[in-house]
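A.B. asks: Encoded as structure tokens, here's the structure I'll be asking about.
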Amino acid sequence: MKKLTESVSFEVNGEIGIITVNNPPVNALSSHVRQGLFQGIKEGDANSEIKALVLHCEGRTFIAGADITEFGKAPAQGIPRLLEVIDAMENCSKPIVAAIHGTALGGGLETAMGCHYRISNSKAKMGQPEVHLGLIPGAGGTVRLPRIMGVEKALDMNISGNPIDANDALAHGLVDEIVEGDMKEQALVFARKIVAEARPLLRVRDRSEKLAEAKDNPELFNNIRKSIARKSRGFKAPEAIIQAVEGAVNLSFDDAMKNEGRLFKEVHDSPESAAQRYFFFIERVANKIPDVPKDTPTRNIEKIGILGAGTMGGGIAMNFLNAGIPVKIVEVQKEALDRGVGIIRKNYENTARKGRLTEADVKARMSILEGSLDMNAFAEVDMVIEAVYEDMDLKKSVFKQLDKICKSGAILASNTSYLDINEIASVTARPQDVIGTHFFSPANVMKLLEIVRGDRSSKDIIATVMALARKIGKVAVLVGVCDGFVGNRMLAARSVESGSLLLRNALPQEIDKVIFDFGFPMGPFAMSDLAGLDIGWRGDQTPDKETNIRHQLCVRNRRGQKTGAGFYDYSEGSRTPIPNDEVEAIIKKVSEASQITRIPISEEDMLKRMIYAMINEAAKILEEGIALRPSDIDVVWVYGYGWPVYRGGPTYFADQIGLKSIVADLERYAKEYGEHLTPSPLLKRLAQEGKGFKDL
Ligand code: 3HC
Ligand code: NAI
């Protein structure tokens, strides 16, 4: 075996030349990989003994894409670009077989499509996930994929970024054969077969039969535009993908490639893509806990107990059932238990009706769920997650019981949104086994899990819960104890400002518009209507009845979507908020009762007040060591609250604006609206030093 570069080697086996890539961890297309591939193809092409070539990868995966760490850097001198490598492959005079295992993603799939044949094992996944990085495929993914799979399928793969499995790939002609066993061996067998059968050199660029359906059919593209409009709001890449695929259909292959290249450059240079690429890496950084190294021992979690089958308990249970982990769920009352289990079943049945689960899947999940009214059912579980009402006395009382019932070594977790984990842990004889697992609602959907580290939480339970989070498909962020942890604490800071804007300046629809236009799925008042205005409302005991907008709405039975009215009206069966004159009158009356003269405010100032208050809170959170690093805060906000990922997250956004100007605005707001908006010492220091959160 001859080493061509540090990551690519070449060998000859009879009539077959084998190019092997070994660039851990995911065989990304770093410069030395591209150079090695290019050289390997040239060698194979020049060697008259060789009749076919095999491209195969060592390690856990085929090429998983371009090397994202190289984006934004000057291209290495003298190293072929990926486009040139793929061109060399496609134009090679001998057939090349790509042997795919693990994942062929992005530039990896584009490389495979430059080959003349593709085989994979049955577990392989293939996709064009560039869209998740704010990009479009830049090496033929929008031009070759529709030629192989048809326009609609290619659009779907490119726009969703979701990979397909080997069977789907086989059905749509993306792979020619599914094989099992050693991929190198299998690729050799396949290559010998095509040589023996003298199969033709199949160049994807020469194929156009699958483009016909979309030719002179602008409706096809416009319908796709309409269908993705809501989800892709604010993102640049989806529209660029559509234009690139339109180019593939309507232009010659070479012009379509040029068109793709132009669009790729446009999105690559956009701030949206820079933010999304930043996010790709910080999501992975969140997993790394400095004092809990990778080799920290973990506990075995095979059975889960959940206390409380309400909104959260049920959703949390589904995560484990989906991952095949048996769950025991305990309630105080039979009706609550039946209702909770019934909702889980209904959720699964609805998913099955949409074709996303089979009846057998539903059965399998429900068969590992066991309901009980007796906490002793937890005697054998490895971890209990408590999701009873948000009440410290209640939490303490159930933790005392759990401490007695659960076996030694079992982890006791609380789903509390705000309460002090240390205080909860203090009633047990095992504070080292107590931790917070703060899921977000709906818990079976939202990807974020804040893991709350108590003063005494042991390292091995932190490592265990972090690993468990990954197993159930969550993105975990480790946070410290404070009121509301990272996410809800910053949300509270924003709520203070949206409430103050409501009282002094603007109407719900005006404030919500600003947050919606920024890129959030909804504004604070639409969100309150969704959650219910009466959460935590103390009815007649409310002390400030005349000056409390929420009270005034709740007593008129405007309690949110569930009563068909809240800050907005809702027509039957619709979730679309409709502004209401009575609400406007109520708000104005409350302002008057509070002796506040309402003054108009610009959209820019509205946005800044809400977002900068959050950024200021983020700085305090970092000062107090509640979050490990600024980027963790960004992960919390993107995955927990729908902060638009194309704006990176609150601390990334703050750095783009510049902390100096944020501090100046906060100082102005502090004078006008209250000292709580005074910039934190950390924010001030960073601004004075000309630094950003990224420098921490
Ligand atoms: N470039 C550079 N580093 C990469 C990378 C890439 N394309 N993909 C993954 N990595 C790194 C990760 O940052 C991580 O590093 P760390 O260990 O230092 O944190 C390490 O590889 C392992 O990654 P994961 O933790 O994500 O490993 P998993 O096994 O969970 O997942 C994967 C593997 C499915 C391949 C996943 O890493 C992934 O989805 N990678 C990104 C794939 C992608 O987006 N490809 C397209 C790139 S853009 C492109 O190709 C443009 C082209 O069209 C020109
Ligand atoms: P919920 O009111 O929907 O459910 C609580 C359930 O606990 C009820 O079914 C109740 O019967 C049961 N329960 C009460 N005492 C019990 C006991 N001693 N033993 C067993 N069951 C008991 O409440 P929800 O919304 O599910 O909240 C639960 C916890 O999750 C709270 O701490 C809350 O702060 C937190 N949380 C809530 C979120 C939300 O959006 N609803 C989001 C994140 C966290």
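A.B. asks: Identify, from the list Asn287, Asn300, the residue that is at negative phi, within 16 Å of ligand 1 (Cβ to nearest atom) and among the polar types (S, T, N, Q).
C.D. replies: Within the list Asn287, Asn300, the selection yields Asn287.
A.B. asks: Given the conditions (1) touching a residue at least 12 places away in the same chain (Cβ under 8 Å); (2) within 14 Å of ligand 2 (Cβ to nearest atom); (3) of a type in the set (A, V, I, L, M), and given that Leu394 satisfies all but one, which numbered condition is not satisfied?
C.D. replies: That leaves (1) as the condition not met.
A.B. asks: Among the residues of region 657-696, which ones are closer than 22 Å to Arg647 by Cα and of a type in the set (S, T, N, Q)?
C.D. replies: Result: Ser661, single match.
A.B. asks: Another question about this same structure. Working carefully through the options Ala377, Ala323, Ala387, Ala360, find the one that is surrounded by fewer than 14 Cβ atoms within 10 Å (Cβ to Cβ), touching a residue at least 60 places away in the same chain (Cβ under 8 Å) and of a type in the set (A, V, I, L, M).
C.D. replies: Details: Ala377 fails: surrounded by fewer than 14 Cβ atoms within 10 Å (Cβ to Cβ); Ala387 fails: surrounded by fewer than 14 Cβ atoms within 10 Å (Cβ to Cβ); Ala360 fails: touching a residue at least 60 places away in the same chain (Cβ under 8 Å).
After ruling out the rest, the residue left standing is Ala323.
A.B. asks: Need at least 1 residues that are outside the structural domain of Gln186 (by TED's automatic domain parsing), within 22 Å of Glu185 (Cβ to Cβ) and modelled with pLDDT of 95 or more per element, so show me which strands (runs of 3 or more DSSP E) inside region 1-60 make the cut, counting only ones lying wholly within it. Break it down stepwise before answering.
C.D. replies: Numbers: elements: 8-13, 16-21, 52-57.
Here the list is empty.
A.B. asks: Do we find a residue being within 11 Å of ligand 2 (Cβ to nearest atom) and either buried (at least 16 other Cβ atoms within 10 Å of the Cβ) or of a type in the set (Ser, Thr, Tyr) (or both) anywhere in region 406-415?
C.D. replies: Restricting attention to region 406-415, the residues satisfying the condition of being within 11 Å of ligand 2 (Cβ to nearest atom) are 414-415.
In the following step, the residues that additionally are either buried (at least 16 other Cβ atoms within 10 Å of the Cβ) or of a type in the set (Ser, Thr, Tyr) (or both) were identified as 414-415.
Yes, that holds for at least one residue.
A.B. asks: Could you say whether any residue in region 453-462 is within 16 Å of ligand 2 (Cβ to nearest atom) and either crowded, with 16+ Cβ neighbours inside 10 Å or under 31 Å from the mean Cα position of the chain (by Cα) (or both)? So that I can check it myself, show each step before the final result.
C.D. replies: Within region 453-462, the subset within 16 Å of ligand 2 (Cβ to nearest atom) is 454.
With the extra rule that they be either crowded, with 16+ Cβ neighbours inside 10 Å or under 31 Å from the mean Cα position of the chain (by Cα) (or both), the set shrinks to 454.
Yes, that holds for at least one residue.
A.B. asks: Counting only residues that are touching a strand residue (DSSP E or B) at 6+ places or on another chain (Cβ under 8 Å) and surrounded by fewer than 21 Cβ atoms within 10 Å (Cβ to Cβ), which one in region 463-514 is nearest to Asn548 (Cα to Cα)? Give the derivation first.
C.D. replies: The first filter runs over region 463-514 and keeps only residues touching a strand residue (DSSP E or B) at 6+ places or on another chain (Cβ under 8 Å), leaving 463-466, 468-470, 474-481, 485-487.
Of the ones still in play, those that are also surrounded by fewer than 21 Cβ atoms within 10 Å (Cβ to Cβ) are 463, 470, 475, 480-481.
On the way: Ala463: 45, Arg470: 43, Val475: 37, Gly480: 32, Val481: 30 Å.
Checking each candidate, the answer is Val481.
A.B. asks: Here is a further query. If I go through region 248-259 residue by residue, how many of them are free of Cβ contacts under 8 Å to residues at least 24 places away in the same chain and assigned to a helix (DSSP H, G or I)?
C.D. replies: Going residue by residue through region 248-259, those that are free of Cβ contacts under 8 Å to residues at least 24 places away in the same chain are 251-252, 254-255, 258-259.
Add one more test, that the residue is assigned to a helix (DSSP H, G or I), and what stays is 254-255, 258-259.
Counting residues in region 248-259 that are free of Cβ contacts under 8 Å to residues at least 24 places away in the same chain and assigned to a helix (DSSP H, G or I) gives 4.
A.B. asks: Check Ala443, Ala467, Ala463, Ala429 and return the single one that is touching a Gly at 6+ places or on another chain (Cβ under 6 Å) and small (Gly, Ala, Ser). Talk me through it step by step, then tell me what you get.
C.D. replies: Details: Ala467 fails: touching a Gly at 6+ places or on another chain (Cβ under 6 Å); Ala463 fails: touching a Gly at 6+ places or on another chain (Cβ under 6 Å); Ala429 fails: touching a Gly at 6+ places or on another chain (Cβ under 6 Å).
Being touching a Gly at 6+ places or on another chain (Cβ under 6 Å) and small (Gly, Ala, Ser) holds for just one of Ala443, Ala467, Ala463, Ala429, which is Ala443.
A.B. asks: Next up: Please work out if Asp382 is modelled with pLDDT of 95 or more, farther than 18 Å from Ile316 by Cα and crowded, with 18+ Cβ neighbours inside 10 Å. Steps first, answer last, please.
C.D. replies: Values: modelled with pLDDT of 95 or more: yes; farther than 18 Å from Ile316 by Cα: no; crowded, with 18+ Cβ neighbours inside 10 Å: yes.
No, not satisfied.
A.B. asks: Take region 465-514 and flag every residue that is under 18 Å from the mean Cα position of the chain (by Cα) and within 22 Å of Thr576 (Cα to Cα).
C.D. replies: Within region 465-514, the first condition is being under 18 Å from the mean Cα position of the chain (by Cα), and the residues that meet it are 466-478, 486-487.
Result: no residue meets the conditions.
A.B. asks: Tell me which of these Ala112 doesn't satisfy, since it passes every other one: (1) in a strand (DSSP E or B); (2) free of Cβ contacts under 8 Å to residues at least 60 places away in the same chain.
C.D. replies: Exception for Ala112: condition (1).
A.B. asks: Given the criteria surrounded by fewer than 19 Cβ atoms within 10 Å (Cβ to Cβ) and either among the aromatic types (Phe, Trp, Tyr) or farther than 18 Å from Glu185 by Cβ (or both), does Asp67 qualify? Steps first, please.
C.D. replies: Working: surrounded by fewer than 19 Cβ atoms within 10 Å (Cβ to Cβ): no; either among the aromatic types (Phe, Trp, Tyr) or farther than 18 Å from Glu185 by Cβ (or both): yes.
Criteria not met by Asp67.
A.B. asks: Hey, another quick one. Is there a residue in region 260-283 that is free of Cβ contacts under 8 Å to residues at least 60 places away in the same chain, assigned to a helix (DSSP H, G or I) and within 16 Å of the chain's Cα centre (by Cα)?
C.D. replies: no
A.B. asks: OK, next. Please enumerate the residues belonging to region 284-310 that are assigned to a helix (DSSP H, G or I) and touching a helix residue (DSSP H, G or I) at 6+ places or on another chain (Cβ under 9 Å).
C.D. replies: First, pick out the residues of region 284-310 that are assigned to a helix (DSSP H, G or I): 284-285.
Result: Val285, single match.
A.B. asks: Gly108 is checked against (1) farther than 22 Å from Ile178 by Cβ; (2) surrounded by 23 or more Cβ atoms within 10 Å (Cβ to Cβ) and fails just one. What number does that condition carry?
C.D. replies: Exception for Gly108: condition (1).
A.B. asks: Let me ask another. Here is a check on your reading of the model: is Ser426 surrounded by fewer than 19 Cβ atoms within 10 Å (Cβ to Cβ) and either at positive phi or within 22 Å of the chain's Cα centre (by Cα) (or both)? First the steps, then the outcome.
C.D. replies: Working: surrounded by fewer than 19 Cβ atoms within 10 Å (Cβ to Cβ): yes; either at positive phi or within 22 Å of the chain's Cα centre (by Cα) (or both): no.
Here the answer is no, as Ser426 does not meet what is asked.
A.B. asks: Out of Val189, Val175, Val179, Val195, I need the residue that is in the same structural domain as Asn121 (by TED's automatic domain parsing), in contact with an Asp or Glu (Cβ under 7 Å, 6 or more places away or on another chain) and of a type in the set (Val, Ile, Thr). Which one? So that I can check it myself, show each step before the final result.
C.D. replies: Working: Val189 fails: in contact with an Asp or Glu (Cβ under 7 Å, 6 or more places away or on another chain); Val175 fails: in contact with an Asp or Glu (Cβ under 7 Å, 6 or more places away or on another chain); Val179 fails: in contact with an Asp or Glu (Cβ under 7 Å, 6 or more places away or on another chain).
One residue alone meets the criteria, Val195.
A.B. asks: Taking the condition of being of a type in the set (Phe, Trp, Tyr) and either touching a strand residue (DSSP E or B) at 6+ places or on another chain (Cβ under 6 Å) or crowded, with 17+ Cβ neighbours inside 10 Å (or both), how many residues in region 532-568 meet it? Spell out the reasoning first.
C.D. replies: Of region 532-568, the ones of a type in the set (Phe, Trp, Tyr) are 537, 567-568.
Next, from what is left, pick out any that are either touching a strand residue (DSSP E or B) at 6+ places or on another chain (Cβ under 6 Å) or crowded, with 17+ Cβ neighbours inside 10 Å (or both): 567-568.
Number of matching residues: 2.
A.B. asks: Taking Thr437 and the conditions (1) within 11 Å of ligand 2 (Cβ to nearest atom); (2) among the β-branched types (Val, Ile, Thr); (3) not in a strand (DSSP E or B), which numbered condition does it fall short on, given that it satisfies the others?
C.D. replies: Unmet condition: (3).
A.B. asks: If you don't mind, another one. In this structure, is Arg489 at pLDDT 95 or above, in a loop (DSSP other than H, G, I, E, B) and charged (D, E, K, R)? Working first, answer last.
C.D. replies: On the way: at pLDDT 95 or above: yes; in a loop (DSSP other than H, G, I, E, B): no; charged (D, E, K, R): yes.
In short, no.
A.B. asks: Would you be able to say whether some residue in region 421-430 is of a type outside the set (Phe, Trp, Tyr) and within 16 Å of ligand 1 (Cβ to nearest atom)?
C.D. replies: The first filter runs over region 421-430 and keeps only residues of a type outside the set (Phe, Trp, Tyr), leaving 421-430.
Pick out the ones that are also within 16 Å of ligand 1 (Cβ to nearest atom) and you get none.
No: zero hits.
A.B. asks: Something else about it: Output the residue which, of all residues in region 158-173 that are without any contact (Cβ under 8 Å) to a residue 60 or more places away in the chain and within 19 Å of Ser208 (Cβ to Cβ), is nearest to ligand 2 (Cβ to nearest atom).
C.D. replies: Result: His172.
A.B. asks: Same structure, new question: Since Met149 meets every condition but one in (1) in contact (Cβ under 8 Å) with a residue 60 or more places away in the chain; (2) surrounded by 24 or more Cβ atoms within 10 Å (Cβ to Cβ), which condition does it not meet?
C.D. replies: Result: Met149 passes all but (2).
A.B. asks: For region 164-174, give me each residue that is in contact with a helix residue (DSSP H, G or I) (Cβ under 7 Å, 6 or more places away or on another chain) and either farther than 21 Å from Leu202 by Cα or surrounded by 19 or more Cβ atoms within 10 Å (Cβ to Cβ) (or both).
C.D. replies: Of the residues in region 164-174, the ones in contact with a helix residue (DSSP H, G or I) (Cβ under 7 Å, 6 or more places away or on another chain) are 164, 172-174.
Answer for region 164-174, where residues must be in contact with a helix residue (DSSP H, G or I) (Cβ under 7 Å, 6 or more places away or on another chain) and either farther than 21 Å from Leu202 by Cα or surrounded by 19 or more Cβ atoms within 10 Å (Cβ to Cβ) (or both): Ile164, Leu174.
A.B. asks: Now for a different question. Restricting to region 303-328, give me the number of residues that are of a type in the set (D, E, K, R) and within 16 Å of ligand 1 (Cβ to nearest atom). It would help to see each step written out before you state the result.
C.D. replies: First pass over region 303-328, keeping only residues of a type in the set (D, E, K, R): 303, 328.
Then drop every residue that is not within 16 Å of ligand 1 (Cβ to nearest atom), which leaves none.
Of the residues in that region, 0 qualify.
A.B. asks: Out of region 109-140, which residues are within 7 Å of ligand 1 (Cβ to nearest atom) and within 26 Å of Gly17 (Cβ to Cβ)?
C.D. replies: Hits for region 109-140 are Glu110, Ala139.
A.B. asks: Separate question: Could you list, in sequence order, the residues of region 267-284 that are within 14 Å of ligand 1 (Cβ to nearest atom) and surrounded by 13 or more Cβ atoms within 10 Å (Cβ to Cβ)?
C.D. replies: Val267, His268, Ser273, Ala274, Gln276, Arg277, Tyr278, Phe279, Phe280, Ile282, Glu283
A.B. asks: So Ala425 passes all but one of these: (1) touching a Leu at 6+ places or on another chain (Cβ under 7 Å); (2) assigned by TED's automatic domain parsing to the domain that holds Arg365. Which condition number does it fail?
C.D. replies: (1)
The values are calculated or read from the model by the stated rules, or taken from the named source; none is laboratory data. A quick note: this is a predicted structure, and the numbers were derived from the prediction, not measured. Heads up, the Cβs are rebuilt from the backbone with ideal geometry, glycines too, and the neighbour counts pull from every protein chain shown.
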